[in-house]
Amino acid sequence: MTRVIAIEPRETGTLVALVVDGQLEDLLIDPPTTDDAPQMEEIHRVRVRRLIPKQGGAMVKLEGGLSGYLRDTSGLKEGALVIAQVSGIAEPGKAVPMTSRRLHRGKYAILTPHAPGVNIARSLKDPAERSRLTAIGAERIGEEGAGLILRTAAAGEERDRILADIDDLLAMEAVIAEAVATGGPPGKLAEAPAAEVTAWREWGEPDEVIREEGLFDRMGLWDAIDAIRRPRADLREGAWMSVEPTAALIAVDINTGPDMAGNAAAKANLSACADLPRQLRLRGLGGQITVDFAPMRKVDRKAVETALKRAFAADPIQTTLAGWTPLGCFELTRKRERRPLTEVLPDA
């Protein structure tokens, strides 16, 4: 498997692509400097406008008059100034999702100021490695400081590199802690990470990094991006699926195409399961998703569920498999961590 990170600097925002064995796997795009829409992980000082006790949240006002919806409102009063982090992408016309339980994400660790203790990613099973990483985290955090989660990427990594990552996160939190102590008007306290930073943090070590102007043309990535703009996504052996956002949900429809064999539906459905996380990720889609699989027997649903679980387990964006509907569709919910591709890159 060959993994290449392609970086194309542009005046309107850097493009960063992950290409695996020639296929576009992920795409990150810096928003234009003129785009003032709140981005994931930004930290703001906001004013509480209205508590909504029955929902356990509050409406808050950001600098510039934008509205946010803040969870974790215990002890807050209307009119108070609080520190909140953008925790999701707002749908058009809706408030920006925010949380008062901020975190700082690094390559090897996640700093959780409001959740003390050192924790290790569940995917790391080796007891000796878990013990080693716990000891490394405790060197910086101690028993009563901020919390820390050691990520999967920390497994087998050198101690000094992990500690350096933690130190960077502690420095970020020190800036926010100082802002909390000194006070001030509503405003942005920390920017969202740039596309290159997120790629370095989330995509692991590539085989090659290429940075040049016009790179996406040379590598044929614009063709792949143009394909993602269309609802249709081709699968194996002539099968295809359509991925279409609506006001209420993302509708996904699986079709067998010209294949008339007895196992055509099974092949198309399993192929769609494998590719669905990539399609949603590249399109920047989240929220409620309803999948209408090609017609199959109920006894074959278990294989589809297993394939979906396997595919989304490797996807970085939180997705919950809700299950089958009475009409035989499958429902998922996916966190909105990205803006739709059609918004951030309306034309190539």
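The values are calculated or read from the model by the stated rules, or taken from the named source; none is laboratory data. As the structure is a computational prediction, the values presented were derived from the model and not from experiment. Note that we place each Cβ from the backbone using ideal geometry, even for glycine, and neighbour counts take in every protein chain shown. Side chains are part of the model used for accessible areas, which takes the heavy atoms of the whole protein and leaves out ligands, DNA and RNA. Shrake-Rupley method; radii C 1.70, N 1.55, O 1.52, S 1.80 Å.
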Candidates Thr73, Thr34, filtered to the one that is without any contact (Cβ under 8 Å) to a residue 12 or more places away in the chain, over 25 Å from Arg201 (Cβ atoms) and either of a type in the set (D, E, K, R) or open to solvent by 20 Å² or more (accessible area, probe 1.4 Å) (or both): Thr34
Test for Ala261: is it buried (at least 17 other Cβ atoms within 10 Å of the Cβ) and either in contact with a Pro (Cβ under 7 Å, 6 or more places away or on another chain) or at pLDDT below 95 (or both): no
Could you please find all residues in the range 125-135 being within 18 Å of Arg105 (Cα to Cα) and open to solvent by less than 50 Å² (accessible area, probe 1.4 Å)? Leu133
Here are some residues: Pro9, Pro53. Which one is under 30 Å from Glu208 (Cα atoms) and of a type outside the set (A, V, I, L, M, F, W, C)? Pro9
Scope the range 235-253; condition in a helix (DSSP H, G or I) and exposed (fewer than 15 other Cβ atoms within 10 Å of the Cβ); matching residues: Glu237, Gly238
Tell me which residues, restricted to the range 136-150, are open to solvent by 30 Å² or more (accessible area, probe 1.4 Å) and at pLDDT 95 or above. Ile149
Given the condition in contact (Cβ under 8 Å) with a residue 24 or more places away in the chain, within 20 Å of the chain's Cα centre (by Cα) and closer than 17 Å to Ala109 by Cβ, answer yes or no: does some residue in the range 136-145 qualify? no
Options Ala179, Ala195; residue that is touching a Ser or Thr at 6+ places or on another chain (Cβ under 6 Å) and aliphatic (A, V, I, L, M): Ala195
Residue check, Ile210 within 24 Å of the chain's Cα centre (by Cα), open to solvent by 30 Å² or more (accessible area, probe 1.4 Å), of a type in the set (Val, Ile, Thr) and modelled with pLDDT of 95 or more: yes
Per the filter on the range 320-348, residues closer than 17 Å to Pro277 by Cα and hydroxyl-bearing (Ser, Thr, Tyr) are Thr320, Thr333
If a residue counts only when it is closer than 30 Å to Lys61 by Cβ, which helices (runs of 4 or more DSSP H) contained entirely in the range 182-234 have at least 1 such residues? 195-202
Every residue from the range 282-303 that is surrounded by 18 or more Cβ atoms within 10 Å (Cβ to Cβ) and in contact with an Asp or Glu (Cβ under 6 Å, 6 or more places away or on another chain): Thr290
So Lys309, is it surrounded by fewer than 16 Cβ atoms within 10 Å (Cβ to Cβ) and under 21 Å from the mean Cα position of the chain (by Cα): yes
Subset of the range 273-324 (residues that are assigned to a strand (DSSP E or B), touching a Cys at 6+ places or on another chain (Cβ under 7 Å) and hydrophobic (A, V, I, L, M, F, W, C)): Val291
